[in-house]
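**Student:** This is the structure I have questions about; it appears just below.
The values are calculated or read from the model by the stated rules, or taken from the named source; none is laboratory data. Predicted model, so just to flag it, every value in this text is computed and none were measured. FYI the Cβ positions are ideal-geometry reconstructions off the backbone, even for glycines, and counts take in every protein chain you see.
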């Protein structure tokens, strides 16, 4: 999500839940964001422009984008492997073999 827009933690948690990802403990979520910042994957600034409390706004870094692309490519390869497995497993030849066993 941070590739598309910068956001603050609570908004990120809400959007993750909207995508069907289970709402995580806020303490765990913010610790994860801080660790990602320590690792150079995200950066943060304080937003004082809105009424109400000051909020920390997170953005993805260039290193974070590189890391994200690496994981997306890895998951894409994994998905292809799984698709090949299921195509072979559910093929008529494989089903015929299962019936013989």
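**Student:** Sort out for me the helices (runs of 4 or more DSSP H) sitting completely within region 16-101 that have 1 or more residues that are touching a residue at least 60 places away in the same chain (Cβ under 8 Å).
**Tutor:** 62-89
**Student:** Against the definition (part of a loop (DSSP other than H, G, I, E, B), out of contact with any helix residue (DSSP H, G or I) (no Cβ under 6 Å at 6 or more places or on another chain), surrounded by 12 or more Cβ atoms within 10 Å (Cβ to Cβ) and outside the structural domain of residue 69 (by TED's automatic domain parsing)), how does residue 1 come out, yes or no?
**Tutor:** So residue 1 does not fit the description; no.
**Student:** If you take the residues in region 41-55 that are closer than 14 Å to residue 9 by Cβ and over 20 Å from the mean Cα position of the chain (by Cα), which one is modelled with the lowest pLDDT?
**Tutor:** The extreme case among them is 53.
**Student:** For residue 38, work out the one condition from (1) surrounded by 10 or more Cβ atoms within 10 Å (Cβ to Cβ); (2) at pLDDT 90 or above it doesn't fulfil.
**Tutor:** In the conditions (1) surrounded by 10 or more Cβ atoms within 10 Å (Cβ to Cβ); (2) at pLDDT 90 or above, residue 38 misses (1) alone.
**Student:** If you don't mind, another one. Could you please let me know if residue 68 is at pLDDT 95 or above, touching a strand residue (DSSP E or B) at 6+ places or on another chain (Cβ under 8 Å), within 22 Å of residue 2 (Cβ to Cβ) and outside the structural domain of residue 13 (by TED's automatic domain parsing)?
**Tutor:** In short, yes.
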